[in-house]
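Participant: Handing you a structure now.
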Ligand code: RIB
Ligand code: CA
């Protein structure tokens, strides 16, 4: 039975690749893509989502969401994703229009029609999810699970302690983590170990299909950047999260207490994970602690290969 999912994202190179994996999986039924400002501005993340879905030949509805965080100014990441959000890659202009409903109403519409089975995969700042929860309080009973790329049990990437998606909108993350909906947090402590190495990319380049070309062209320029910070490869943050929803055996998780710092001068956006239970506060989030990288990369290659003509 396919899992009905909505992918909320801010494409973004790794978001794009994550979408390609989701489209190719026989385990997922992607009901909609919702877009949020994050890696680049909303206009670009949204257009990128349309382009990516048409490039993949998967004409799913794309509904636009928030152009800025709940209470803060938007912070973007062009230094990694480029001005367009898709690095140096140019995809064809989309032929389809955006869905006529906004992200929040689309999530509610799908949650209602999926009768409690809907799984949300959140790959960007959590603004859309938070707004949906605020606008539709009854939606909590209609959402099966939310899997988030965000946070970290250890270090950050936007600041020494905060990961980008949470850093951009910590208030939204706090609402989602405390919603009472089953949430799995897949943070940098795991996704930084979900990296692809040059040998993997060399193998993928032999697939010679449109998605393998996208993967090779979009990731190759990033190896130098990550080599400089002593990474063994390019971390595939969002693809690892989608893979963990496709194959539930990829991650090791633990039900822990997670609080989000929204006030700290140096710690805004830090996910404070009570690994040892010292706060005696009730756990609220399934926290990813480990990923089976080999299993992830094998699934990654299998799904990219599926785009063979
Ligand atoms: O910190 C990594 C996350 O921030 C990824 O989702 C990436 O796409 C950016 O949104
Ligand atoms: Ca993202």
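The values are calculated or read from the model by the stated rules, or taken from the named source; none is laboratory data. What you are looking at is a predicted structure, and each value in this text was computed from that prediction instead of being measured. Note that we place each Cβ from the backbone using ideal geometry, even for glycine, and neighbour counts take in every protein chain shown.
Participant: Exactly one of (1) more than 23 Å from residue 216 (Cβ to Cβ); (2) touching a strand residue (DSSP E or B) at 6+ places or on another chain (Cβ under 9 Å) is unmet by residue 75. Its number?
Facilitator: Of the numbered conditions (1) more than 23 Å from residue 216 (Cβ to Cβ); (2) touching a strand residue (DSSP E or B) at 6+ places or on another chain (Cβ under 9 Å), the odd one out for residue 75 is (2).
Participant: Hey, another quick one. Can you name the helices (runs of 4 or more DSSP H) wholly within region 146-207 that have at least 1 residues being under 25 Å from residue 265 (Cα atoms)?
Facilitator: 164-168, 170-177, 188-191
Participant: From 132, 112, which residue is assigned to a helix (DSSP H, G or I) and over 27 Å from residue 270 (Cα atoms)?
Facilitator: 112
Participant: Yes or no: region 1-8 includes at least one residue that is within 12 Å of ligand 1 (Cβ to nearest atom) and closer than 20 Å to residue 306 by Cβ.
Facilitator: yes
Participant: Only one of 120, 107 is closer than 20 Å to residue 29 by Cα and either more than 16 Å from ligand 1 (Cβ to nearest atom) or modelled with pLDDT under 95 (or both); which?
Facilitator: The unique qualifying residue is 107.
Results for (1) within 20 Å of residue 34 (Cα to Cα); (2) in contact with a helix residue (DSSP H, G or I) (Cβ under 6 Å, 6 or more places away or on another chain); (3) within 16 Å of ligand 2 (Cβ to nearest atom), shown as yes or no for each residue.
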position: 117; (1), (2), (3): yes, no, no
position: 120; (1), (2), (3): yes, no, yes
position: 149; (1), (2), (3): yes, yes, yes
position: 171; (1), (2), (3): yes, no, no
position: 181; (1), (2), (3): yes, yes, no
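Participant: Could you give every pair whose Cβ atoms fall below 7 Å, whose first residue belongs to region 66-85 and is within 20 Å of residue 176 (Cβ to Cβ), and whose second residue is modelled with pLDDT of 95 or more and away from ligand 2 (no atom under 15 Å from the Cβ), counting only separations of at least 6 or pairs across chains?
Facilitator: Taking only residues 6 or more apart or on different chains, the pairs are 66/131; 70/130; 70/171; 71/171; 74/68.
Participant: For region 255-277, indicate whether the set of residues that are surrounded by 19 or more Cβ atoms within 10 Å (Cβ to Cβ) and under 30 Å from residue 204 (Cβ atoms) is non-empty.
Facilitator: There is no residue in region 255-277 that is surrounded by 19 or more Cβ atoms within 10 Å (Cβ to Cβ) and under 30 Å from residue 204 (Cβ atoms).
Participant: Here's another thing I want to ask about it. Kindly evaluate residue 49 against the criterion of being more than 10 Å from ligand 2 (Cβ to nearest atom), over 19 Å from residue 109 (Cβ atoms), touching a residue at least 12 places away in the same chain (Cβ under 8 Å) and touching a strand residue (DSSP E or B) at 6+ places or on another chain (Cβ under 6 Å).
Facilitator: For residue 49, the condition - more than 10 Å from ligand 2 (Cβ to nearest atom), over 19 Å from residue 109 (Cβ atoms), touching a residue at least 12 places away in the same chain (Cβ under 8 Å) and touching a strand residue (DSSP E or B) at 6+ places or on another chain (Cβ under 6 Å) - is not met.
Participant: Look at region 218-234 and say how many of its residues are surrounded by fewer than 21 Cβ atoms within 10 Å (Cβ to Cβ) and under 20 Å from the mean Cα position of the chain (by Cα).
Facilitator: Of the residues in region 218-234, 3 are surrounded by fewer than 21 Cβ atoms within 10 Å (Cβ to Cβ) and under 20 Å from the mean Cα position of the chain (by Cα).
Participant: Please give the number of the condition residue 158 fails out of (1) under 15 Å from the mean Cα position of the chain (by Cα); (2) within 14 Å of ligand 2 (Cβ to nearest atom); (3) at pLDDT 95 or above.
Facilitator: It fails just one condition, (1).
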